[in-house]
Amino acid sequence: MDDDDDDADEGSDAEDVLIRSTDAIVVLAKTEEEFATLEVMVYEQDSGNLFVHHDIPLPAFPLCLSHGDIGPTGSAGNFCAVGTFTPGIEIWNLDVLNALEPSCVLGGEDTSMADAIMRHNMMNESDKQRMNNTLTPAKDSSLKIGSHTDAVMSLSWNKVHRQVIASGSADCTVKLWDVTQANSDQANAGTLRHHTDKVQSVLWHPKEGTLLATGSYDRTVALVDARATDNIKQVKIPADCESLAWDPFNPHCLTAACEDGTVMCWDVRKFTTKTPLWSIVANEFGGVSDLSYNPHVPGMMATCALDKTVTIWDTFNSSIDKSSILPPKAKINKDMKVGKLFTLNFYPSSPWLLGCGGGAKEIALWDMTQDNTIQKTFGGRTKIPTSIDETKNDVMDDETREKEENEKKQMFDSMMKSDDSNTPSKSISDSETKKSSSASKKKKNKNKKAPHRAGR
């Protein structure tokens, strides 16, 4: 009888950790008083059951997250980069249950000297030797080469060059990291100092692996060609930047959400004109904290705000090349009942699932399958061509498709070229950004904000 009970318990435990192909995986950072965790949750779409699969204790309060599939050894897996109030970026392996330490840390405190001192002290066996030869670490702790010097507020894992991560910090810099070099001095691949205040958002282009968008509390949004430090385009926005998003069906469209409730979209091919395609006030009382595009449904955009609600927008006539650009239309507004909302995202493997997190220390999942308003507006778009380019792709042979991809790449290259064609390109390095760093130090912003505690 006891053996049968043990077998039943083992079977139940195995079933609890089993992840099915129909399950949705949610990764979130959570804080409770002085305790912070990284939780991996499973949502069973068939039954609607949501539970914690496993959690990982974090040593510092989290501010931002980013998922990637290349680890420090170069092998594939499920990894999560975590930015906190400390200068280091922790990379956690989500496939490991009960992980006690991260796979690696990019930047942060340099503990190599402390580790060497500990090994030295442990080698002294006798009490007399320990008294005579014990070493103590220096009072002033140092940082790793290339590390941020303040909190890490934003992260973006490159989907093309999958070992590359971009980070934005309260030290006003944007840094590029190579995860596979995490244990060497070459982990920091470059530093950008084109912002004069805290960098709240960084976002790689989903297809052009060298194009990076950044947003800051200095009220600017910038486009960066990661291959050259002098190739940066900037536009002013009316308030602090809270979030950035690329339109997956119109890859030349970049959208930004501002603290005052304004949401703006630009055609990056005409970024230097500084005129947006459209601009709306998504929330009259301000406080728009995040936005996201549905990767499966053309023209479906969501925003969340500190008024505890999510708004679904129809941008179908706003971003596609047409003779007249119409502003997005709000289709539905929903109170998610989890407090002030700080982040939201569409699930990448399902067209009708959206998740958001708020100040009530809970997450809310919105299954839109049975929502009549959503299905009436967007239901038919997943099965129709969304643009002329997509219609062509259905009938193109491989040779023609390759030709168009090359043309698109040339378009982005020409868009990011400097106005002065004689200006030479330069590779990213700390030394080449010293001038911009010294200039930015002279411009001190009197109303600097503290980094948000809620992570994305």
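The values are calculated or read from the model by the stated rules, or taken from the named source; none is laboratory data. In this text, all values refer to a predicted model and were calculated from it rather than measured experimentally. In this analysis, Cβ positions are derived from the backbone assuming ideal geometry, glycine residues included, and neighbour counts consider all displayed protein chains.
Scanning the range 55-88 for residues that are of a type in the set (Val, Ile, Thr) and under 24 Å from SER201 (Cα atoms) returns ILE70, VAL82, THR84, THR86.
Criterion applied to ILE332, ILE312 was being of a type in the set (Val, Ile, Thr) and surrounded by fewer than 22 Cβ atoms within 10 Å (Cβ to Cβ), and the one residue passing it is ILE332. Restricting the range 284-326 to residues that are aromatic (Phe, Trp, Tyr) and modelled with pLDDT of 95 or more, the residue that is farthest from PHE342 (Cα to Cα) is TRP313.
Scanning the range 274-287 for residues that are among the β-branched types (Val, Ile, Thr) and touching a strand residue (DSSP E or B) at 6+ places or on another chain (Cβ under 7 Å), we see that the one that is surrounded by the fewest Cβ atoms within 10 Å (Cβ to Cβ) is VAL281.
When the range 121-157 is limited to residues that are small (Gly, Ala, Ser) and in a loop (DSSP other than H, G, I, E, B), the one that is modelled with the lowest pLDDT turns out to be ALA138.
Report whether or not PHE271 is surrounded by 18 or more Cβ atoms within 10 Å (Cβ to Cβ) and outside any strand (DSSP E or B). Yes, satisfied.
Taking the criterion of being assigned to a loop (DSSP other than H, G, I, E, B) and free of Cβ contacts under 8 Å to residues at least 12 places away in the same chain, the residues of the range 60-112 that qualify are SER75, VAL96, LEU100, GLU101, THR111. Screening VAL179, VAL160 for residues that are modelled with pLDDT of 95 or more and either touching a helix residue (DSSP H, G or I) at 6+ places or on another chain (Cβ under 8 Å) or surrounded by 23 or more Cβ atoms within 10 Å (Cβ to Cβ) (or both) leaves exactly one candidate, VAL179. Residues in the range 228-252 that are closer than 18 Å to THR262 by Cβ and more than 17 Å from the chain's Cα centre (by Cα): 7 in all. Selection of the range 167-215 for residues being within 14 Å of the chain's Cα centre (by Cα) and outside any strand (DSSP E or B) yields HIS205, PRO206. Residues that are at pLDDT below 95 and polar (S, T, N, Q) occur at least once in the range 239-251.
The number of residues in the range 370-395 being surrounded by 13 or more Cβ atoms within 10 Å (Cβ to Cβ), over 15 Å from ASP335 (Cβ atoms) and at pLDDT 85 or above comes to 6. Evaluating THR255 against the criteria (1) without any contact (Cβ under 8 Å) to a residue 24 or more places away in the chain; (2) within 19 Å of the chain's Cα centre (by Cα) leaves one unmet condition, (1).
Every condition in (1) in contact with an Asp or Glu (Cβ under 8 Å, 6 or more places away or on another chain); (2) modelled with pLDDT under 95 is met by THR84 except one, and the failing one is (2). Just to be sure, is GLN200 surrounded by fewer than 23 Cβ atoms within 10 Å (Cβ to Cβ) and touching a strand residue (DSSP E or B) at 6+ places or on another chain (Cβ under 8 Å)? In short, no. The residues of the range 231-248 that are within 22 Å of SER66 (Cα to Cα) and either of a type in the set (S, T, N, Q) or assigned to a loop (DSSP other than H, G, I, E, B) (or both), listed by number, are ASP240, SER243, ASP247, PRO248. Counting only residues that are modelled with pLDDT of 95 or more and under 26 Å from TRP266 (Cβ atoms), which one in the range 345-364 is surrounded by the fewest Cβ atoms within 10 Å (Cβ to Cβ)? Ranking the qualifying residues of the range 345-364, first place goes to ASN345.
With the structure loaded, tell me whether ASP115 is among the charged types (D, E, K, R), part of a loop (DSSP other than H, G, I, E, B), surrounded by fewer than 21 Cβ atoms within 10 Å (Cβ to Cβ) and at pLDDT below 95 or whether it fails that test. No; evaluated as a whole, the condition is false for this residue.
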